[in-house]
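The values are calculated or read from the model by the stated rules, or taken from the named source; none is laboratory data. Just so you know, these numbers come straight off a predicted model, no measurement behind them. Methodologically, a virtual Cβ is constructed for each residue, glycine included, from the backbone with ideal geometry; neighbour enumeration extends over all protein chains shown. Side chains are part of the model used for accessible areas, which takes the heavy atoms of the whole protein and leaves out ligands, DNA and RNA. Shrake-Rupley method; radii C 1.70, N 1.55, O 1.52, S 1.80 Å.
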Number of protein chains: 2
Amino acid sequence: MHMTPLDTSESPHAKLLTLPLVSTVLEGGFWFEKSSINRNVTLKHGYKEMAIAGNFNNLQLVFGQGSGQFRGLLFADSDLYKWLEAVSYELTNCYDLELNEMADTLIDLIEKAQGNDGYINSYWEVVEPGKRWTDLAHGHELYCAGHLIQAGIAHHRSTKDTRLLNIALRFADYINSEFNHSGLAASPGHPEIELALIELYRHTGKQKYLNLCRYFLDQRGTNSHHSDQFMPIYYQDHIPVRNARTMAGHAVRQLYLTSGMADLYLETGEKTLLDALERQWNDMATHHLFITGGVGSQHEGESFGTSYDLPNEKCYCETCAQIANIMWNWRMLLITGESKYADLIELIMFNGFISGVSVKGDKFFYENPLQNRKTSEGSERRSGERQHWYRCACCPPNIMRTISSINQYFATMTERGIQIHQFGEYSIKHSFETLGQVILKSQTEYPWNGTVLINVLETPAEEWALSFRNPGWCVKLSITINGQRLNGFTERDGYIHIDRSWEKGDEISVAMHMPTSFIQGHPNIEAIRGCVAIKRGPMVYCIEESDQIGNHDLAQICIDPFSKQIEETWHEDLLGGVVTIETDALAEESCAWEGLLYKPVSDVQHAKGDLFRLKAIPYYSWANRHPQTMRVWIPRSNLTN
Amino acid sequence: MHMTPLDTSESPHAKLLTLPLVSTVLEGGFWFEKSSINRNVTLKHGYKEMAIAGNFNNLQLVFGQGSGQFRGLLFADSDLYKWLEAVSYELTNCYDLELNEMADTLIDLIEKAQGNDGYINSYWEVVEPGKRWTDLAHGHELYCAGHLIQAGIAHHRSTKDTRLLNIALRFADYINSEFNHSGLAASPGHPEIELALIELYRHTGKQKYLNLCRYFLDQRGTNSHHSDQFMPIYYQDHIPVRNARTMAGHAVRQLYLTSGMADLYLETGEKTLLDALERQWNDMATHHLFITGGVGSQHEGESFGTSYDLPNEKCYCETCAQIANIMWNWRMLLITGESKYADLIELIMFNGFISGVSVKGDKFFYENPLQNRKTSEGSERRSGERQHWYRCACCPPNIMRTISSINQYFATMTERGIQIHQFGEYSIKHSFETLGQVILKSQTEYPWNGTVLINVLETPAEEWALSFRNPGWCVKLSITINGQRLNGFTERDGYIHIDRSWEKGDEISVAMHMPTSFIQGHPNIEAIRGCVAIKRGPMVYCIEESDQIGNHDLAQICIDPFSKQIEETWHEDLLGGVVTIETDALAEESCAWEGLLYKPVSDVQHAKGDLFRLKAIPYYSWANRHPQTMRVWIPRSNLTN
């Protein structure tokens, strides 16, 4: 799952409840644009690329109609399922005949590839027949199953068609018979089945799926024998989930796991789970988070590194980790109602996540480093150039399903309230069970402008509370209702609550002061010591050569964090529409370090250099032109202090 | 080898020639102290530890007298050989009956363990009998053989006893028959045999050893099949040696390899070898060198990382890599006569190398990081605490043989000159073939004081040139001869040359200005951006908590690189005798970052903090008290600018 409505009767511990699928509708602005590109370009591009990569053929090989051999990685099927989940959401957002036909074609293939017993996995059927469940640590069968289940639920919710859901149910029941009854000891190597089972429990009401999820989570950290080359910490099998204190191992797996734990808490209210999650979240937020919201600092094992090890250039920051972190933080927000989780979702959405897809929507980043040099010696997956597809193509369809469901992260409901977590141009329609219907319309140029107008189009006569997040980045905010300044309001858990009798036609204006600011990092973070990053509202900025006048080496500049000469400019035609930021900078003569690694301070203190105007663009929009130097963190000048 | 006299007739390409073994005799000061501790403590401690670790027993198992099983790593024998090489030098420096007896006992064991065909390796004989040469990439048989040969030569030179040399010769001849004739294709996984064979060629004059060395070097990068888990770059088998452009893979192996290449050049003058070496040296000096002279930034593969990736805390900087780098730079110095190589040797000697042994001489560091935090999540080999021994004990006996031969790096000769590369308290005795005998006595408190007095105790009547290095760190230097200021002198390749008719009783005084300086790094080095390091002469400084008054968190301080309040103080009783440096610093309130990773500059610009006096100690002397925070690079203050 992500983003599906919880059944209130089954979720007594959730403070907030997700709105039904279609009740938040994008109508313009940043995410509307991204969604349109996702629907019109990215999803269709993905279908074509998966055909080329062999994903369809792999399924056909299972029922004897494919050609050649299995191609791609052993979890190739999951790409198809994630794509189907994405299309399912899109078909609700804005029906598209072509996408619907593509989905039906694909579901036909999946139906044919499913075994009589319900099992389906093209790699294990074609390449390793007879060896089901023999490599639970790395075989990804349960991972693929999880994505099939999520796709089945999404497709059913969206289209009412039960075909894909029934395929998923048959597989889920087969898995349940294999594991829950036979007692096969298993910590699934890549968590995902856990989230899917909880969602299936929510969707069907059948307790067995909840039990199976708990069974998988309970297995972790209890198997003393690990015969494979990886350490169990790689896939979080080193410690029982309830004892975890830190974020460890493979970042995507860790975050899918904490998402699954949070889902189990949402259904059971078991406090030891929430205690572990809060410890782990604090560890992540205070030791492992890049300013872009990215996590996973290490190439080795695609993993969380040690505390404060947050390198700019060598960081991994896999797009899937950012997506998984949105999933987890969404669940933590539902549990606690605390704005820090919504703050982090926003930071990731606008920076480390959306950087994963090109402005045109047909190229991707697997890794999202914070620096790229022309001379960077990167991995294959990070050349400083976006790729049309990847052999390991987990990220692209994961991006697609996240964008196509992005509207589901914006608002929640309670019995007598609507909570706005993310700002944007959308309408919200909701019927309170006891009070009646409310319709709100939100208009804003956010994230480029901090003012949001909310119009009440329909409302019950009785009092109810409109709440909205006071973002962590915001230091000054003012509210007017129908032009009258609101002086007294309640703020709790980072949310401003306005509880009153609303009237049709009411207009709430929230003006969040959004100046450019210069950010510095904790002194323990080696990689950014002495540097600042440019940020405005939720947007982290970066610099690229294409935007500069003159020919300065961006690897050898510094900026003045106290500059008063800051210009913020909207460019309709640049990079899909962005606000750029210009500020004062100094370029060191590049020869000053020729052939040297170290020199006395006295020699460089009064280094000659050119003062110039540096132009920054939003981080997410980097690498949409030719390959070039990019930086987020820039040394602060000592000269102009 | 290292440090052995070249036969001039065989080495037409060397610009400088090493002095015979006993012609530079330490008489006091820094290295005299270290040598005494090495002889009286470290070598004896090492013998005891090797006995405990099973190294002797491993040899006994070969001839049926050991107990239990083979213990330790498969190259355990090489520890014994390196220890024997060290003792051999010591027996020349200062005869010690106990060490001599220990060596004889050990040579007895080695003699018995040698097979009739000359082969000797306890791991392969005991654990994998019948499998000789089946894992040349990782088996370390040729590596161990190389150390045996070096020990044999050193022992023969020192004692005139031929026993160990004959063992080595039998093994060398067996290897020659196996490889050179049968044509076993082999790139030895860990270079070392190459250096040993060249030295054996020098020692015996037999061309076959030179040829075998060349054979091994020529093999590299020509084997297209690599079936093992490691990439060939790990052991420098990815490219022919003459085509190499960069330092790559496992740092110790790379540096033993470049040492072997330099040795081959010294004997053959083949320019393509020198071209490759100079390219690689420049790559190392401009991209991979820590300020301590350390190299090998990566734990993974104990390897050179990417350019400018020089982390303080996560760096590896294995002690053996520093030793290998001294070996290589010594050869480059002999080839070119350029001071930059002697500068680097000095930097490594006083910092990244000698940090590998405790002040008392009985504990070691395998890794030499530039930062240690109480909360550091280090590897087993780096706990912030020195160890008495290591399971992988390559470093301790390598340190021993380097200290016991340290005097051999100080000076060289040419036909009509003596060149002083390293400063210290020692005498030099040399007979020019045509001119006659010269005896010089050098007195100094170096590295704590930059003044060196050189007295001419004996000299031929004819002119000859005294040359000495003008260190790269030195910006102001003055020379007097017999109290008269010398105004005109020649400087070439970083050496000052005084060519004149010397008289007995002449006194040359070289006064090198040695102020404390603050160093900063290339802007591409993320880990130290915005930081400075304290350096004085060749010594890099660090800070530890034990030396501070007050209770400031050293992880959260900054220093003023323009402080005029610098105090340099000699402490006879501190850490074996060191000069400490005190300067101004500011401690940020530690709560200022509680729970935060990032915050706007404006919030921290006027952070409250305590001004205090910070005391620094030489880097090499860290971790000789209780485990604690240590730092080399310290953020520079923006407050007191």
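Would you mind working out the magnitude of the charge dipole of the protein assembly as shown relative to its Cα centre, with +1 at each Lys and Arg C-beta and -1 at each Asp and Glu C-beta, to the nearest 20 Debye? The partial results should precede the final answer.
Values: 112 positive and 156 negative charges, 30 e Å.
About 140 debye.
Can you tell me the mean projection area, over all orientations, of the convex hull of segment A:16-129's alpha carbons? Units nm², please. Please list the in-between numbers first.
Values: hull surface 36.7 nm².
Computed as one quarter of the Cα hull surface, the answer is 9.2 nm².
Between A:TYR215 and A:ASN455, 0.36 nm times their residue separation minus their Cα-Cα distance comes to what?
Numbers: separation 240, 0.36 × 240 = 86.40 nm, distance 4.69 nm.
Full extension from A:TYR215 to A:ASN455 adds 81.7 nm.
What 222 nm value per residue comes from the helices of the protein assembly as shown, counting each DSSP H run with n ≥ 4 as -39,500 (n - 2.57) and dividing by all residues, nearest 500 deg cm²/dmol?
Working: 32 runs with 408 residues, N = 1282.
The helix-only estimate for the protein assembly as shown comes to -10000 deg cm²/dmol at 222 nm.
Can you give me the distance in nm between label points at A:LEU184 and B:ASN116, each placed 7 Å from the Cα along the Cα-to-Cβ direction?
5.9 nm
Can you give the FRET efficiency to the nearest 0.05 for B:ARG279 and A:VAL41, using r as the Cβ-Cβ distance and R₀ = 41 Å? Numbers along the way, then the final one.
On the way: r = 46 Å, r/R0 = 1.13.
Using R0 = 41 Å, I get an efficiency of 0.30.
State the answer as a single residue: which of B:TYR341, B:THR306, B:GLN387 lies farthest towards the positive end of the charge dipole of chain B, with beta carbon charges of +1 for Lys and Arg and -1 for Asp and Glu, about the Cα centre.
Farthest towards the positive pole: B:THR306.
For chain A, what is the charge dipole size about the Cα centre, in debye to the nearest 20, if Lys and Arg each add +1 at the Cβ and Asp and Glu each add -1 at the Cβ? Could you put the intermediate results ahead of the total?
Values: 56 positive and 78 negative charges, 75 e Å.
Dipole of chain A, to the nearest 20 debye: 360 debye.
In the protein assembly as shown, carbon and sulfur make up what percent of the accessible area (probe 1.4 Å)?
Values: 21240 of 44320 Å².
Whole-percent figure for carbon plus sulfur exposure: 48.
Please state the shape class of segment A:17-409: rounded when a/c is under 1.5, otherwise prolate if a/b exceeds b/c and oblate if not, all from the C-alpha gyration tensor.
Numbers: a/c = 1.23, a/b = 1.06, b/c = 1.16.
Because its axes are fairly even, with a/c under 1.5, segment A:17-409 counts as rounded.
Using Cα centres only, tell me the gap between segment A:141-200 and segment B:56-81 in whole Å.
56 Å
In percent, how large is the relative contact order of segment A:78-161, given Cα pairs closer than 8 Å and 6 or more residues apart? Can you show the working numbers first?
Details: 54 pairs, mean separation 44.4, N = 84.
Once divided by the residue count of segment A:78-161, the mean separation gives 53 percent.
Calculated FRET efficiency, B:ASN166 and A:ALA592, Cβ-Cβ r, R0 51 Å, to nearest 0.05? Each step should come with its number before you reach the end.
Numbers: r = 58 Å, r/R0 = 1.14.
Computed FRET efficiency for B:ASN166 and A:ALA592: 0.30.
Using the eigenvalues of the Cα gyration tensor, what equivalent ellipsoid semi-axes result for segment A:258-387 when each is taken as the square root of five times the eigenvalue, whole Å, largest first?
Ellipsoid half-lengths, sorted descending, are 29, 16, 12 Å.
Got the B:THR286 label distances to the other copies yet, label 7 Å along Cα→Cβ, in nm, shortest first?
4.4
So if the hydrodynamic radius of the protein assembly as shown is defined as the Kirkwood radius over C-alpha pairs, what does Stokes-Einstein give as its diffusion coefficient at 20 °C and 1.002 mPa s, in µm² per second?
Working: Rh = 34.0 Å.
For the chosen part, D equals 63 µm²/s.
Excluding A:TRP633 itself, calculate the net charge of residues whose Cβ lies under 12 Å from the Cβ of A:TRP633, where each Lys or Arg counts +1 and each Asp or Glu counts -1. All intermediate terms of the calculation are to be shown ahead of the outcome.
Details: positive: A:ARG529, A:LYS535, A:ARG631, A:ARG636, B:ARG529; negative: A:GLU313, A:GLU526, B:GLU526.
Combined, the nearby Lys, Arg, Asp and Glu give +2.
Chains A and B: how much accessible area gets covered up at their contact, both sides added, probe 1.4 Å, in Å² to the nearest hundred? Numbers along the way, then the final one.
Numbers: alone 24400 and 24420 Å², together 44320 Å².
In total, chains A and B hide about 4500 Å² from solvent.
Rounded to the nearest 5, what % of the DSSP beta bridges within chain A are antiparallel ones?
95 percent
When 1/r is averaged over all different Cα pairs and the result inverted, which Kirkwood radius in Å belongs to segment A:411-512?
13.7 Å
When all alpha-carbon pairs of segment B:517-635 are counted, what percent fall beyond 19 Å? Write down the numbers at each step before the final one.
Values: 3469 of 7021 pairs.
Distances greater than 19 Å cover 49 percent of the Cα pairs.
So what is the accessible area of segment B:267-311 per residue, in Å², with the probe set to 1.4 Å? Mind showing how you got there, number by number?
On the way: 1220 Å² over 45 residues.
Averaged over the residues of segment B:267-311, the accessible area is 27 Å².
Sort shortest first the distances from A:ASN455 to its counterpart in every other copy, using label points 7 Å along the Cα-to-beta-carbon line, and give them in nm.
10.0
Please state the relative contact order of segment A:336-458 as a whole percent: Cα pairs under 8 Å, 6+ residues apart? Please list the in-between numbers first.
Working: 133 pairs, mean separation 17.5, N = 123.
Over segment A:336-458, the number comes to 14 percent.
What is the sum of charges, Lys and Arg at +1 and Asp and Glu at -1, for the other residues whose Cβ falls under 9 Å from the Cβ of A:ILE519? Intermediate values should be presented prior to the final figure.
Values: positive: A:LYS535, B:LYS599; negative: none.
Net local charge, A:ILE519 excluded: +2.
If packing is taken as the average count of other Cβ atoms within 10 Å, what order do B:275-283, A:325-333 fall into, highest mean first? Could the numbers behind the result be given before it?
On the way: B:275-283: 17.6, A:325-333: 26.2.
Packing proxy ranking, top to bottom: A:325-333, B:275-283.
For B:LYS360, place a label point 7 Å out from Cα along the Cα→Cβ vector, do the same in each other copy, and report the separations in nm, one decimal, smallest first.
Copy-to-copy label distances for B:LYS360: 6.9 nm.
Report the residue of chain A with the smallest Cβ-to-axis distance, using the rotation axis that brings A onto B, in whole Å.
Here the value is A:GLY530, 1.
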